[in-house]
Amino acid sequence: MHANGDIQFAPVEMPENPPAPDWLTRFLQWLSELLTPAGDALAWSWPVLFWVLVGIGVLLLLYAIYRLVDPKTLRRRKRGDEEEEWTPGEQAALALLDEADRLAEKGLFDEATHLLLQRSVGQIAEIRPDLIDPSSTAREIANLPALPDRARNAFSTIAERVERSLFALHGLGSEDWQVARAAYAEFALGYREASA
């Protein structure tokens, strides 16, 4: 095998690298002179800069956590206060029930229940205009996570009857009206008017 000239066994001498072009050498030297003061300043202020970068990193981490977690869970309020915010004023609730009762007395149970639904949507939009847009359906509104449970239950009860009236073409009776009225009154006024 050593006799075969096609196989190389002796080390090969590598040619010397040509020197860098003169313009590149001058440029690198100029860049070094330009950055030397910045490097010296960085070396001198590194401990301070290190803690500034750590602080920025912590702030970015806290911001990311804030964005990932619903801010309401971080500043939770008492459940009663939250429901109080969603409850319409007593005068407004009584006026709505009075208006709807007048329709129901005439046997217009569909219209009376639909009035409760429309005004409930209006009250939700007043409290949180960012939650409802013109294309929102009653089911979408009923499933909003921002609604407290009592508001959701009352709204769902009313919406279910209105849907049955409008889309199933099933006229509502006195019993349907009483259930919808009681749901609204229980939420808006507490148990005082629920049996009225």
Point to revise | Set 164, 150: member being of a type in the set (D, E, K, R) and under 30 Å from the mean Cα position of the chain (by Cα) | key: 150
Point to revise | Count of residues meeting criterion [at pLDDT 85 or above and outside any helix (DSSP H, G or I)] in segment 2-57 | key: 1
Check your understanding: Got at least one residue in segment 103-121 being over 31 Å from the mean Cα position of the chain (by Cα), part of a helix (DSSP H, G or I), surrounded by fewer than 17 Cβ atoms within 10 Å (Cβ to Cβ) and modelled with pLDDT of 85 or more?
Key -> yes
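Checking the conditions here, which among 154, 125 is part of a helix (DSSP H, G or I) and modelled with pLDDT of 80 or more? Quick ask: steps written out before the conclusion?
Details: 125 fails: modelled with pLDDT of 80 or more.
It is 154.
Taking residue 161 as the residue in question, decide whether it is of a type outside the set (Gly, Ala, Ser) and either in contact with a Lys or Arg (Cβ under 7 Å, 6 or more places away or on another chain) or in contact (Cβ under 8 Å) with a residue 12 or more places away in the chain (or both).
Numbers: of a type outside the set (Gly, Ala, Ser): yes; either in contact with a Lys or Arg (Cβ under 7 Å, 6 or more places away or on another chain) or in contact (Cβ under 8 Å) with a residue 12 or more places away in the chain (or both): yes.
Spelling it out, residue 161 is indeed of a type outside the set (Gly, Ala, Ser) and either in contact with a Lys or Arg (Cβ under 7 Å, 6 or more places away or on another chain) or in contact (Cβ under 8 Å) with a residue 12 or more places away in the chain (or both).
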Review point. Using beta carbons and a limit of 7 Å, which pairs, at least six apart or on different chains, have the first residue in segment 120-138 and over 16 Å from residue 157 (Cβ atoms) and the second one part of a helix (DSSP H, G or I)?
Key: 127/85; 127/86; 131/124; 132/121; 132/124; 132/125; 132/141
Practice item. Filter segment 165-191 for residues that are modelled with pLDDT under 80, within 19 Å of residue 89 (Cα to Cα), surrounded by 11 or more Cβ atoms within 10 Å (Cβ to Cβ) and not hydrophobic (A, V, I, L, M, F, W, C) and give the result. Key: 190
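The values are calculated or read from the model by the stated rules, or taken from the named source; none is laboratory data. Please read these numbers as outputs of a predicted model, since none were measured by experiment. A quick note on method: Cβ atoms are made from the backbone with ideal geometry, for glycine too, and the neighbour counts reach across all protein chains shown.
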